[in-house]
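Data block below; observations after.
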Amino acid sequence: LPPWHPVAVCAGSSLSQVRSVCWSRHKAEDCAGGARLFSASLDGTIIEWSLETLMPKHVVDTHGGSAWCMAASPDGATLAVGCHDGMCRLFSVTEDYGPAFSKSFPPHD
């Protein structure tokens, strides 16, 4: 058996496929130790998951189609999301409102 095992499942939409998951540590103390869980999907959504209920807490659109990859900044205040349209979009992560679009970077040739 592997040295790890699932302890919980966050069930999303059956119409989407998750492409990226990331943990973020934010200075907010609204959840255990400031830890927050985000997923990005092919349906173009970014979801922050409640670690208490395992249900979506905040859902936002990427505004660029499918999300192919995602990473959190070291301070947990920003998510960078690679979208199907070739742009990288930054989302500010606030304590109360989840990810909010901040800016985008166009693809380069």
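Details
- Filtering segment 36-57 to residues that are under 16 Å from SER16 (Cα atoms), of a type outside the set (Phe, Trp, Tyr) and open to solvent by 10 Å² or more (accessible area, probe 1.4 Å) leaves LEU42, ASP43, THR45, ILE47, MET55, PRO56.
- Pair list, Cβ < 8 Å and 6+ apart or interchain, from segment 91-104 residues that are assigned to a strand (DSSP E or B) to residues that are among the basic types (Lys, Arg): VAL93/ARG36; GLY98/LYS57; PHE101/ARG89; SER102/ARG89; LYS103/ARG89; SER104/ARG89
- Evaluation of THR53 against (1) out of contact with any helix residue (DSSP H, G or I) (no Cβ under 9 Å at 6 or more places or on another chain); (2) in contact (Cβ under 8 Å) with a residue 12 or more places away in the chain (one fails), failing number: (2)
- Taken as a whole, segment 46-54 holds at least one residue that is under 26 Å from ASP75 (Cα atoms), touching a Gly at 6+ places or on another chain (Cβ under 8 Å) and at pLDDT 90 or above.
- When ASP43, ASP30 are checked against the criterion of being charged (D, E, K, R), part of a loop (DSSP other than H, G, I, E, B) and at pLDDT below 90, ASP30 stands alone in meeting it.
- Residues that are surrounded by 16 or more Cβ atoms within 10 Å (Cβ to Cβ) and either farther than 16 Å from CYS22 by Cα or in contact (Cβ under 8 Å) with a residue 60 or more places away in the chain (or both), drawn from segment 63-80: GLY64, SER66
The values are calculated or read from the model by the stated rules, or taken from the named source; none is laboratory data. The structure presented is a predicted model; accordingly, all values stated were derived computationally and were not measured. Here the Cβ is made from the backbone with ideal geometry for all residues, glycine too, and neighbour counts use every protein chain on show. For the accessible areas, the whole protein counts, side chains as well, though only heavy atoms, and no ligand, DNA or RNA atoms are used. Shrake-Rupley method; radii C 1.70, N 1.55, O 1.52, S 1.80 Å.
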